[in-house]
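Engineer: What follows is a structure written as structure tokens; I'll ask about it next.
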Amino acid sequence: MAKGITQTERDYNLVKRCIKGSSSAQRELYERFSGKMFSICLRYASDFHSAEDILQDGFVKAFKNLKKFRFEGSFEGWLRRIIVNTAIEHYRKNVSMYPILDVGNTEREIVNDRTVEHLEAEMIMKMVNQLSPGYRTVFNLYVVEGYPHKEIAKMLNISEGTSKSQLARARYLLQGMVKELSTSYKVYAK
């Protein structure tokens, strides 16, 4: 590629070639973004094969809607939103969410040792993936993707209160997992 062209400009050129129907450009676009998008799918999916389905459906939607991309901001961000929305659609098809009691007022011990600092990203993802689909989805949307509870509620057809309680419960369960790991780590380290 020519020097001085930014990644954004390269992405825009690639998208323009895809819009014109270039199958090699479509393959290149898929190869460029599929790895990152697959990692997003894994956060929302219950298993590897479901993540593959979400990725496939997301890219089909993206290719069908490329003409709607306004060439403002990053293409990766636009594609990411399509992938996340596709993951949410898969979630809605496969899971019914039920409101959970607000756990915000319950007493609980917070893990305040250095165990969390030593956790690798892979271990954290394993813990998040152990959460039920409802907790995992809200946790990912709020903590990882940065959506506010109001938007999460709209996306999942739940109340804001349910979104907040799902997040609180997810955090509580994750703290329990970290505490359990911390206890076993301390025993092992002795």
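Engineer: Of all residues in the stretch 112-137 being of a type in the set (D, E, K, R) and part of a loop (DSSP other than H, G, I, E, B), which is modelled with the highest pLDDT?
Structural biologist: It comes out as E120.
Engineer: Give me the pairs: first residue in the stretch 1-22 and under 16 Å from E72 (Cα atoms) and at pLDDT 95 or above, second residue surrounded by 12 or more Cβ atoms within 10 Å (Cβ to Cβ) and among the acidic types (D, E), beta-carbon distance under 7 Å, and six or more apart or on different chains, which are they?
Structural biologist: Listed pairs, sorted by first residue: L14/E28.
Engineer: Here's another thing I want to ask about it. Has the stretch 59-73 got any residue that is under 17 Å from the mean Cα position of the chain (by Cα), crowded, with 17+ Cβ neighbours inside 10 Å, closer than 30 Å to M125 by Cα and touching a residue at least 24 places away in the same chain (Cβ under 8 Å)?
Structural biologist: yes
Engineer: Further question: Applying the selection to the stretch 148-169, what residues are in contact (Cβ under 8 Å) with a residue 40 or more places away in the chain and either part of a helix (DSSP H, G or I) or under 23 Å from I124 (Cβ atoms) (or both)?
Structural biologist: Hits for the stretch 148-169 are M155, L156, G161, T162, K164, S165, Q166, A168, R169.
Engineer: Identify, from the list F38, F33, the residue that is over 30 Å from K179 (Cα atoms) and modelled with pLDDT of 95 or more.
Structural biologist: Just one listed residue meets the conditions, F33.
Engineer: Provide a single number: the residues in the stretch 48-76 that are assigned to a helix (DSSP H, G or I) and of a type in the set (F, W, Y).
Structural biologist: Going through the stretch 48-76 one residue at a time, the tally reaches 4.
Engineer: Quick one: in the stretch 1-47, of everything that is outside any helix (DSSP H, G or I) and among the basic types (K, R), which residue is farthest from I88 (Cα to Cα)?
Structural biologist: K3
The values are calculated or read from the model by the stated rules, or taken from the named source; none is laboratory data. Computed from a prediction, not measured in an experiment: that's the story for all the values here. Neighbour counts run over all protein chains shown; Cβ positions are idealised from the backbone, glycine included.
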